[in-house]
Amino acid sequence: MKSFIKGCTFLLLLFLAVSCGNAEDDVNFPLNTGDGLGEGIPVDDCLNFPENDLVLSIQDQFVTLPGKVSIFFKVSDTEGDPVPGLTAEQFTIYEQGRNDDCFNTISTSESQARISPNSQIFSTNTLLVLDLSNSVLSSSLEELKSATTSFVNNVMPENANESFKMAIYWFDGEDELHLLNELTSDREALTGAIAGITTDISNDPSTDLYGAVIKATDTASELLASSTQGGKIGAASVVIFTDGTDQASRFTQSAAQQKVDNANPNISFFSIGLGSEIDTQVLSDLGKTFSVFAGNKEELEETFNDISFRVSQQANSFYLFEYCSPKRDGSGENNLAIQVSTGSRQGAVQTKFSANGFTGGCE
């Protein structure tokens, strides 16, 4: 699994801020997180495609002279689970001009179809938030360090990529979310910070879980706002680990839950619980995207790996698909359909683009 995740430039996971051609002016694009096809529509019946097993949700699209069409989209199954790791060869392009009764297939080789690096248009930030209260430090610190190191190695690309950044925070009973390592794309810096955690980092036996959730959500919201400036599309994940319940009582469960529920929809929430003193229902509600629980410290690495796999899948299910269109008609819009096939599953989406100003050749 690790090699797969490393092989996919982590996503999510994306978008080339176009400064020429017919691209739209830079705006702050949010993700199309709702059900359905994003900016796309179902394909025309004339294509006779089978019922979709996969959903292509278009996040943005633009054209660049002399003839490049770029579509940024997310692929998921009909249950909403992300589908990462697709290649250009698994996509088929269909175009329909004003003189075409139905769509014509466009050769992927002749059109130079490709899945392009999307680092210039997409960014994803992960906040790893660790409970380092006395109960963890005294009984499961080494297991936690091993598990979180594995988490970082699974989620972060081996070669630094500005699209994928992570910060590590920790909490105990104080009314503060402590920074262990600032937001970075440097995997070695993150694992080094984890290796440097010692038992004397805190002597507080209390747990300010709800405060940590509230502060981490605020931090993720600020990072998301910052990372989506200049026309980028962005997402964030908050991953919280604890071995107990909130003991500090500074904030209420309802306040923490309200903060999570009202957060930007482009922020995903994951929770990891350890031991018998956790409240699984509370953690499941706070980790509304996905939650896992370890019965003992020996299971910690497995649970962190489970979460890391899901975080990576989310990021790597976004694609920037580009090809050179043969269309030259600038007097109207052309219909475009993209179909993806993987194994026995397929899905398709339809949209439009203008070929105004298109000439031979393509960047």
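Compactness of region 122-168 is given as radius of gyration and Dmax, 12.9, 40 Å, from Cα positions.
Counting charges near Asp53 (Lys, Arg +1; Asp, Glu -1) among other residues having Cβ under 14 Å from its Cβ returns a value of -3. Under a 5 Å amide H cut-off, with hydrogens placed 1.01 Å from N, Thr207 pairs with Gln247, Ala248 among residues at least 5 apart or on other chains. Bridges between two residues of the chain, per DSSP, are antiparallel at a rate of about 60%. Backbone geometry of region 243-253 corresponds, through the Karplus equation with coefficients 6.51, -1.76 and 1.60 at θ = phi - 60°, to 3J(HN,Hα) couplings of 10, x, 9, 5, 10, 6, 6, 7, 10, 8, 4 Hz, x marking Gly and Pro. Taking the DSSP bridge list for region 262-363 and keeping only pairs wholly inside it, about 65 percent are antiparallel.
Kirkwood radius, region 62-108, all distinct C-alpha pairs, inverse of mean reciprocal distance: 13.4 Å. Translational diffusion of region 214-296 was estimated from the Stokes-Einstein equation, with Rh taken as the Kirkwood radius over Cα pairs; at 20 °C and 1.002 mPa s the coefficient is 158 µm²/s. Only helices enter the 222 nm calculation for the chain: every DSSP H run of n ≥ 4 contributes -39,500 (n - 2.57), and dividing by all residues gives -7000 deg cm²/dmol, rounded to 500. Here the extension length gained between Leu141 and Ala225 equals 26.9 nm, from 0.36 nm per residue of separation less the Cα-Cα distance.
Three semi-axes describe the equivalent ellipsoid of region 152-207; taken as square roots of 5 times the Cα gyration tensor eigenvalues and ordered largest first, they are 26, 12, 8 Å. Pairs of Lys residues in the chain, spaced 8 or more positions apart or belonging to different chains, with C-alpha separations under 21 angstrom: 20 in total. For region 246-363, a Kirkwood radius taken over Cα pairs fed into Stokes-Einstein (10 °C, viscosity 1.306 mPa s) yields D = 83 µm²/s. Restricted to Cα atoms, region 120-236 shows a radius of gyration and a Dmax of 14.8, 46 angstrom. Mean separation of Cα pairs under 8 Å and 6 or more residues apart, divided by the residue count, gives region 78-119 a relative contact order of 34 percent. The apolar share of the surface of the chain, taken as the fraction of accessible area on carbon and sulfur atoms (1.4 Å probe, ligands and nucleic acids excluded), comes to 43 percent. Proximity of backbone amide H atoms, modeled 1.01 Å from N, is registered between Ser291 and Ser271 at under 5 Å, excluding neighbours fewer than 5 places apart on the same chain.
For the chain, the Kirkwood hydrodynamic radius from C-alpha pairs, put into Stokes-Einstein at 25 °C and a viscosity of 0.890 mPa s, yields a diffusion coefficient of 113 µm² per second.
Label positions at Ile201 and Arg328, each projected 7 Å from the Cα along the C-beta direction, are separated by 6.4 nm. Ligands, DNA and RNA are left out, and with a 1.4 angstrom probe the accessible area of region 92-180 is 39 Å² per residue.
The values are calculated or read from the model by the stated rules, or taken from the named source; none is laboratory data. Values in this document were obtained by computation on a predicted structure and should not be read as measured data. With ideal geometry, Cβ positions are generated from the backbone for all residues, glycine too; neighbour counts draw on all protein chains shown. Protein only, heavy atoms only, side chains kept; ligands, DNA and RNA dropped before computing areas. Shrake-Rupley method; radii C 1.70, N 1.55, O 1.52, S 1.80 Å.
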